[in-house]
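Structure first, commentary second.
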Amino acid sequence: MTPPAIVILGIGALNTARRVQACYPGAQVHGLQDRVEADVAYADLGAHLRDLYARGTPIVALCAAGIVIRCVAPLLANKGVEPPVLAVAEDGSAVVPLLGGLAGVNVMAREIATALDVTPAITTSGELRFGACVLNPPDGYALASLAQGKRFVSDLLAGESTRVEGEAPWLDDAQLPLASTAKLAIRVTPKRWDGGTDELVIHPRSVVAAVSSSGEDVAEQVLAALKAHELAPLALAALLAPAQRMGDRALLDAATTLGVPLRFASVAAEGRIDAADLPQAASASAAAKRLLDATMRATYAALHDDTGTNVALALSRTPIDPNTLGQARGRLTVIGLGPGSAELMVPAARTALTEATDILGYETYVKMAGPFRADQQLHCTDNREEMQRARHAFELAGAGRAVVVVSSGDPGVFAMAAAVLEALDASDDPRWHVVELNIVPGVSAAMATAAQAGAPLGHDFCMLSLSDNLKPWSIIETRLRHAAQADLVMAFYNPISRARPWQLDKALDILREYRAPATKVVLGRDIGRPGSSLRSTTLGELRSADVDMRTMVIVGSSTTRAFARVGAGEWVYTPRWYPPAAHD
Ligand code: SAH
């Protein structure tokens, strides 16, 4: 389980928060910025809780239940995906599970209440009566039908008793009304549920579908094979394919359609799987494991015979942990964090971070991308080691890890995406080339600054990096002259640094040859981050001392204009049209 975020608003809750934290390895205390110093700082409670909720992070909020509900209310439409959400009284005197009944909120409520030595405010009738959520089986098991489950529990609450068929160790401690002759049955089986209303069917994820070749309809073939054996699709633990097919799109699509992980095994010529790649049943006995191993070997041998079958199934008595089965296809996602604030990060980037096993990047950006779970590995490096970082990312992804490389803003704008592609282009390692590579865009500093200032990029513009670390200064000068002549608005990245003190003045001198002193200039510093500032000035007044390496400089064109905004400052914009006079 993802460790919960323990969210507090002030120092008064810190003590209780630390006691809750002690129950969950890897959990962090999130404190309201400037009010309380905790493990993670946040600026806005509502936005932060929604962000955590959307990421599926369990939430323990040490504040009024009403506040928590109001904060996450806009996201409550989909009951299926809700993480546990609990409100805990600041002084530890009350524990109230609010949301996430199917994700184990009541289990957490009991754990926290035990730690705080109080009684949890559990209101779920089935849970109260049976001491366990029958509808919330542990990892490795899936409920066949939630609607039938609810009906079944209400039958039990109405006085029916039940049998338990199959292995359900998590129900051992529950106070279920058991009777061996009962009409109702809880059945733990990989077999399909036939729709009967007197049973609650729970499927152990204990079937592996081995596929030999790809094709358009792999998912359909797997479903047909399951059906032929009367097995439930929910009993499928994973798809297993030969490692040679790692880059195969059809297999990837099939796994997505079936909603299971796709794993790869090294398969030798005669169809024998490497022993290390064989599935391990989570808690199977040695005999059961041997049986499973034998089935998998037979499976691949049969597939290799090319007898017309493309799918073979191997069944274990207990759930199979897909992570112990061969290796995953590695993933490398290059993301942009946007300028800084969580709201300006695209959801796809957040998803990639949540799914990542390894996160690489310049330390400042990796910190900005957190908080992370204890099981996620961070690889922080110096800002200048980009090629080395890109190669490291491929090494990790090539070994089956889910890797994220973080950049600020957009990863394709003077950032890591190009470095990653350059590393891949230069490599002939086939393991690197089958990595699932994705680049997720972000809000670049120029866009974020422009939006705050108004719309200075409303007409044709260009983005230039003034850094001459990777290109000669003469190229920069030529580009500045051409851009100035073309009357483009310019967004300057990397405008100045300690190692490059004179370049910005030189650039401004060049611009002043072409543009009037009254030309509008926007300066955005640390936009989207704490302590951000926005200024507008003119080309005539701008001094390089007004700018540092955390500043975005937008120099307007001849048509960029400004007018006063109510309150303070001005709106700067560049009209979408071009005045004929300026053109002639
Ligand atoms: N990939 C990043 C740019 C990296 S280059 C992006 O798309 O935004 C680094 C330069 O970007 C800095 O020198 C600065 O000029 C600008 N920059 C990055 N983040 C910024 C922010 N939050 N506010 C203002 N400028 C920023």
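The values are calculated or read from the model by the stated rules, or taken from the named source; none is laboratory data. In this text the structure is predicted, and so the values were computed from the model without any measurement. Glycine also receives a Cβ, built like all others from the backbone with ideal geometry; neighbour counts cover every protein chain displayed. All accessible areas refer to the heavy atoms of the entire protein, side chains included, with ligands and DNA or RNA removed. Shrake-Rupley method; radii C 1.70, N 1.55, O 1.52, S 1.80 Å.
Quick notes on this one:
- Taking region 543-568 as the range and being of a type outside the set (Gly, Ala, Ser), within 16 Å of the ligand (Cβ to nearest atom) and either open to solvent by less than 50 Å² (accessible area, probe 1.4 Å) or assigned to a loop (DSSP other than H, G, I, E, B) (or both) as the test, the residues that pass are 547, 548, 549, 550, 551, 552, 553, 554, 555.
- If you go through region 387-419 and keep only what is within 16 Å of the ligand (Cβ to nearest atom) and open to solvent by 60 Å² or more (accessible area, probe 1.4 Å), you end up with 414, 418.
- Wholly within region 363-470, helices (runs of 4 or more DSSP H) carrying at least 2 residues that are more than 16 Å from the chain's Cα centre (by Cα) and under 25 Å from residue 243 (Cβ atoms): 386-398, 416-425, 430-433
- Filter result for residue 20 (in contact with a helix residue (DSSP H, G or I) (Cβ under 8 Å, 6 or more places away or on another chain) and either open to solvent by less than 10 Å² (accessible area, probe 1.4 Å) or in the same structural domain as residue 369 (by TED's automatic domain parsing) (or both)): yes
- Residue satisfying condition, being in contact with a Pro (Cβ under 6 Å, 6 or more places away or on another chain) and at negative phi, within set 397, 393, 419, 450: 450
- Residues in region 342-386 that are among the acidic types (Asp, Glu) and open to solvent by 20 Å² or more (accessible area, probe 1.4 Å): 343, 355, 363, 375, 382, 385, 386.
- When region 78-118 is filtered for residues that are among the polar types (S, T, N, Q) and in contact (Cβ under 8 Å) with a residue 12 or more places away in the chain, the ones remaining, listed by number, are 93, 106.
- Members of region 455-475 found to be modelled with pLDDT of 95 or more and either away from the ligand (no atom under 16 Å from the Cβ) or among the charged types (D, E, K, R) (or both), listed by number: 455, 458, 459, 460, 472, 473, 474, 475
- Every residue from region 242-260 that is open to solvent by 20 Å² or more (accessible area, probe 1.4 Å) and in a helix (DSSP H, G or I): 243, 244, 245, 249, 250, 252, 253, 256, 257, 258
- Any pair with Cβ under 7 angstrom, 6 or more apart, that starts in region 237-266 at a residue that is of a type in the set (Phe, Trp, Tyr) and ends at one that is part of a strand (DSSP E or B): 264/241; 264/242; 264/327
- Among residues of region 24-62, those that are open to solvent by 40 Å² or more (accessible area, probe 1.4 Å) and of a type in the set (A, V, I, L, M), counted: 3
- Residue within region 503-519 that is over 26 Å from residue 562 (Cα atoms) and either within 16 Å of the ligand (Cβ to nearest atom) or among the aliphatic types (A, V, I, L, M) (or both) present: yes
- Any hit, region 300-309, residues being surrounded by 15 or more Cβ atoms within 10 Å (Cβ to Cβ), of a type in the set (Gly, Ala, Ser) and modelled with pLDDT under 60: yes
- Residue within region 104-112 that is modelled with pLDDT of 95 or more, within 24 Å of residue 342 (Cα to Cα) and open to solvent by less than 10 Å² (accessible area, probe 1.4 Å) present: no
- Residue count, region 177-215 (criterion: open to solvent by less than 20 Å² (accessible area, probe 1.4 Å), closer than 18 Å to residue 137 by Cα and assigned to a loop (DSSP other than H, G, I, E, B)): 1
- Residue in region 520-542 that is assigned to a helix (DSSP H, G or I) and either free of Cβ contacts under 8 Å to residues at least 24 places away in the same chain or touching a helix residue (DSSP H, G or I) at 6+ places or on another chain (Cβ under 9 Å) (or both) present: no
- All strands (runs of 3 or more DSSP E) inside region 1-109 with 2 or more residues being farther than 26 Å from residue 348 by Cβ: 5-8, 28-32, 59-61, 85-88, 95-99
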